[in-house]
Amino acid sequence: MVTSFTQRRPTQQTGATRSRSAHAVPDSSPTLDQLKEFRLNLMKQLQATLDLEQILRTFFNELQHLVALDGCHYQADSVGLVLDFGETGRHRCNYELSLNDEQFGRLGFSRNKRLLEKEMQLLESVMDVLVYPMRNALLYRKALATAMIDPLTGLNNRGAMAVTLNREMDRMRRHDQDMSILMVDIDHFKDINDRYGHLAGDDVLRQVAQLIDTTIRGCDACFRFGGEEFLIMLTDSNLPLARMVAERLRHTISEQTRSPAPNSLVTISVGVAHFDDESDWPELVDRADRALYQAKQAGRNRVVTDHPQTTTAQAL
């Protein structure tokens, strides 16, 4: 059901002009049969997709057959989503969408001309058609998000990494910007599991993941690559900056991670690679992985930088 319908008082107009509806709106209200047919057709269209943005865009566009509207605003705090269509008018009507006490966000419509009572009644007469498609789309969106999260560390997983790296590498090419990645491996992690058990190893993994997440910038991203390995994507980061971040991270983890072994430190080895117009993300990750291998071969607890032609170790 749809609850909490309100119409806000008009705000002061600041030079905005009203946009014309893309669809013709009948001069008179539709008959009951016409409204029933409209609801059925709208329901078919909304149930044809699980894409939340497409559902709302279709709903907003089809409403123009009933009521001329300038803009639509949707906000769902549960998934951190805000969508806007059209232009924002001075007069608004807002809905809280819910079903059996389950909330699906807030939906509002606006235009510069005040909505008439009969127009608001028409809006309310079709709002319930939106609820189930919205519910399904939100559940689908949450399921996708959950599938991209590593349950142990709370970081994004390898599947999310592939999607993110592909997107960011495309953006780097278009805008000729820098990007670097860090491959991080916890040193002697197998020994921790073997001597102190997997629960102790899981605790170390969670600590390292949290320290990485709080050390990097908000615009960067960290993923659990697998086992005791993590991949960090540093946007707008050249090689010197990436190396500096890696060293800061190495010191932070050795100083702040609680080791299950008395009088022992948890350390990491890091391989650094800078984006060099690779054709796909596995090429870039492979370079960082080779640098990580060099760091472990050189004695662990160190940062090694990979260049397209050469690999150099950062001295301790």
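All of the numbers you see were taken from the coordinates with simple rules; none came from a lab. Here the structure is a predicted model, which means the values were calculated and not measured. Counting neighbours? That spans all protein chains shown, and the Cβs are built from the backbone with ideal geometry, glycine included.
Within the straight-line cut-off of under 29 Å between alpha carbons, the lysines reachable from residue 142 are 44, sequence neighbours fewer than 8 places apart in one chain being disregarded.
For region 174-245, the set of trypsin sites (Lys or Arg not before Pro) satisfying both a DSSP loop assignment and a count of at most 15 other C-beta atoms within 10 Å is given as 217.
The alpha-carbon of residue 296 sits under 17 angstrom from the alpha-carbons of these aspartates and glutamates, leaving out residues fewer than 8 places away in its chain: 185, 187, 191, 228, 229, 247, 286, 306. Each Lys or Arg adds one and each Asp or Glu subtracts one; over the other residues with Cβ under 15 Å from the Cβ of residue 98, this totals -4. Dipole orientation for region 158-314: of the candidates 200, 242, 183, 200 has the Cα lying most toward the positive pole (charges on Cβ; Lys, Arg +1; Asp, Glu -1). For region 158-314, the relative contact order comes to 27 percent (Cα pairs under 8 Å, sequence separation of at least 6).
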